[in-house]
Amino acid sequence: MNRAGSAEEARSLPSKVSVRNLNFYYGGQQALFDNNIDIPEKRVTAIIGPSGCGKSTHIRVYNRIYELYRTHRAEGQVVIDGKNILLPSVDLIDLRKRVGMIFQRPTPFPMTIFDNIAYGLKLHYRVGRTELSDRVEDALKRGALWDEVKDKLGEPANALSGGQQQRLCIARAIATEPELILMDEPCSAIDPVATAKIEDLIQTLRDNYTVVLVTHNMQQAARVSDFTAFFYKGYIIEFGATKQIFTNPAERETEDYITGRFG
Amino acid sequence: MNETTRQRRVDRAFRILTASCALVVIVLMGGILFELLRNSGMSMKEFGFGFLTSDAWNPGAGEFGAASSIFGTVVSTAIAMLLAVPLSLIIAIYLVEVAHPRVSKIVGGGIELLAAVPSIIYGMWGLFVFAALMQEHVQPWLGRWFGFLPLFQGPPMGIGMLTAGLILTLMVLPFITAVTRDVLQMVPPVLKESAHGVGATMWEATRHIALKYGRRGIVGAVFLGFGRALGETMAVTFVIGNSHRISSSLFDAGNTIASSLANEFNEASEPIYLSSLFELALVLFGLTLLFQTLAHFWVSRMQRQEAGSR
């Protein structure tokens, strides 16, 4: 089960995202302080830390979704595939096609199961009817949902259970062929059985995608991630192989957190 | 033991109290319908079904027909809805999705104020300001460029069907806008974020996700405006010209059911005149009921579709 990476591996792997001196502000209030991190490619990186420590804020910079809110501001560098995506010249539509995001609650669009997947596809690709349905099927298979929904693709997505909806959202993100998938506590609104399915799914995603998983569930981080970053009060306290973080953390705060002394 | 009987008694009293308050609604509804039917009896007997199809309105000769009033009601309402619905949606989208929060607050406050302006004020403004504007600028311009359409032919008189429709537009606009804005504000931010997250633009996220998510509420908003336009009386009476005829030109004077009622009740000396007005009121009552029922079915069908076939 434990595929957790080693410290040597972390150094040798190419990084998908390189964050340099990232600072983030909600209006006048600073939420992230000098974040530096290299997210290894085609691995699962977990971000843990107590509530309000900036985990979600941090990954929301990667697809610049924070820009929907006027007062939110990021400074520094976030390099994805060699390009600083914080530059104003970056095409946001293209960025968000390459960087998929899954939210704390399932967010099925108010349309059918099929259309939920097809929607994102059609925003980015001109595809014929047959290719569209092939790609929807493919995305649903990768999202480990196909067998459960193949007979009811025309039904409204919100008729699915919460866990199915969340896998639908993962499939929807996959459909546009992103390289990086951000998951912001994807299991926080989902029961344990459905959570297990999503964790299994995350394991399979690692072969093709880089996954960044924000979680407040340390067992989850230990179960599914190769690498773990510990955030505290907007700072990245420690980043390393998951196994090492959980068995032999270098920092005092990390140890206190994972042993349940706070958080 | 005592406690439960006391509880039961209180619950019973509560049930009776609330039920009797609700009963008032039914009694009122029934009472209105009964009075309208009773008072329009004479006219019904006299004109029969022809009352609905005849556009003759000749109090001197004792001839009465509702067709021109029904026509005017439908046309003025249609103008209002055709213009107000898209405009309201655009304004609401702007307020929720585009505008700076401060701008949104100011404009939104203005919209709410507009909704609160009494209709008589719209009527006075319509007659003294807006009608003159229509006569001097809008109607000549329409006549010049679109005069080949029967809709825009004839002398620009200022008052008339078009002016009434436009005044109605201005009156229902704030209603539909305010409710649509509230509906759009209820769309969960995370849903919008996920639309943007798959690469939708602001327009795509609004059109495909937010509007669709809130469509039941928006239909409700539209019917709220529709109901108001259908029954609006004072402002329309001021600017429509109050003439009982059906004309293909929107520049011509016309009337609506509500405006005729407001205008003519105190002139109605003959019993048959009075009875005809009551029947006219009955028609308006029926129209309103019909459209409310349609709206209800529409919304509940949408609800069923959304709930899915599970």
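Backbone phi angles across the range A:193-203, fed through the Karplus curve with coefficients 6.51, -1.76 and 1.60 (θ = phi - 60°), yield HN-Hα couplings of 5, 5, 4, 4, 5, 5, 5, 4, 4, 4, 4 Hz in residue order; Gly and Pro are listed as x.
Volume per residue for chain A equals 127 cubic angstrom (convex hull of Cα atoms). Computed from phi, the 3J(HN,Hα) profile of the range B:284-295 under the Karplus parametrisation 6.51, -1.76, 1.60 (θ = phi - 60°) reads 4, 4, x, 4, 4, 4, 4, 5, 4, 5, 4, 4 Hz, with x in place of Gly and Pro. Just how far, in whole angstrom, is the range B:194-262 from the range A:237-252 if you go by their alpha carbon centroids? Each part reduced to its Cα centre gives a spacing of 62 Å.
For the protein assembly as shown, the Cβ-based charge dipole about the Cα centre amounts to some 860 debye (Lys, Arg positive; Asp, Glu negative; other atoms uncharged). Sorted ascending by nearby beta carbons within 10 Å, beginning with the fewest, A:Thr176, B:Thr233 become B:Thr233, A:Thr176.
When B:Trp298, B:Trp57, B:Trp145 are sorted by how many other C-beta atoms sit within 10 angstrom of their C-beta, beginning with the fewest, the order is B:Trp145, B:Trp298, B:Trp57. Using a cutoff of 8 angstrom between alpha carbon atoms and counting only pairs six or more residues apart, the relative contact order for chain A works out to 29 percent. For the protein assembly as shown, the average shadow cast by the Cα convex hull is 38.3 nm², which is a quarter of the hull's surface. Look at the stretch A:99-109: the mean tally of other chain Cβ atoms within 10 Å of its residues' Cβ atoms is 4. Each Lys and Arg contributes +1 and each Asp and Glu -1, all at the Cβ; summed about the Cα centre of the range B:68-307, the dipole is approximately 800 debye.
Remark on the range A:163-225: Rg and Dmax equal 10.9, 30 Å (Cα only).
Checking the table A:Lys42/A:Lys197; A:Lys141/A:Lys233; A:Lys122/A:Lys152 against a 27 Å threshold on Cα-Cα, which pairs fail? Pairs exceeding the cut-off: A:Lys141/A:Lys233. Using the Cβ of A:Arg98 as centre and a radius below 15 Å, the other residues enclosed give a net charge of +1, where K and R count +1 and D and E count -1. Each of A:Lys197, A:Lys141 was scored by other Cβ atoms within 10 Å of its Cβ. Listed from fewest to most, they are A:Lys141, A:Lys197. By the helix-only formula, in which each DSSP H run with n ≥ 4 contributes -39500 (n - 2.57) and the sum is divided by residues, chain B has a 222 nm mean residue ellipticity of -22500 deg cm²/dmol. Taking amide H as placed 1.01 Å from N in the peptide plane, the amide H of A:Thr112 sits under 5 Å from that of A:Ala157, each at least 5 places away or on another chain. Near the amide H of B:Ser243, within less than 5 Å, lie the amide hydrogens of B:Gly254, B:Asn255, all on another chain or at least 5 residues away, with H placed in the peptide plane. Among residues other than A:Gln77 with Cβ under 14 Å from its Cβ, the summed charge is -1 (Lys and Arg +1, Asp and Glu -1). Inter-part distance, the range A:180-218 to the range B:125-171, computed on C-alpha centroids, equals 62 Å. Using only Cα coordinates, the Kirkwood hydrodynamic radius of the range B:154-310 works out to 18.5 Å. Taking B:Thr237, B:Thr77, B:Thr288 in turn, the Gaussian network model of chain B (Cα-Cα springs below 10 Å) assigns the largest fluctuation to B:Thr288. Note down the magnitude of the dipole of chain A about its Cα centre, charges +1 on Lys and Arg C-beta and -1 on Asp and Glu C-beta and zero elsewhere, to the nearest 20 debye. With Lys and Arg at +1 and Asp and Glu at -1, about 400 debye. In this structure the amide hydrogen of A:Ile47, modeled in the peptide plane, comes within under 5 Å of the amide hydrogens of A:Leu213, A:Val214, A:Thr215, A:Ala229, none closer than 5 places in sequence on its chain. Note on chain B: the alpha carbon radius of gyration divided by the globular reference 2.2 N^0.38 Å gives 1.22.
Within the shell defined by Cβ-Cβ distances under 11 Å, the residues around B:Arg245 carry a net charge of -2, with Lys and Arg each +1 and Asp and Glu each -1. Here the range B:24-88 and the range A:102-118 have alpha carbon centers that stand 47 Å from each other. Couplings 3J(HN,Hα) for the range A:168-176, derived from phi with the Karplus relation 6.51 cos²θ - 1.76 cosθ + 1.60 (θ = phi - 60°), are 4, 5, 5, 4, 5, 5, 5, 4, 7 Hz, where x marks Gly and Pro.
All of the numbers you see were taken from the coordinates with simple rules; none came from a lab. Quick caveat, the model's predicted, so the values are computed rather than measured. Note: ideal-geometry Cβ built from the backbone for every residue, glycine included; neighbour counts use all protein chains shown.
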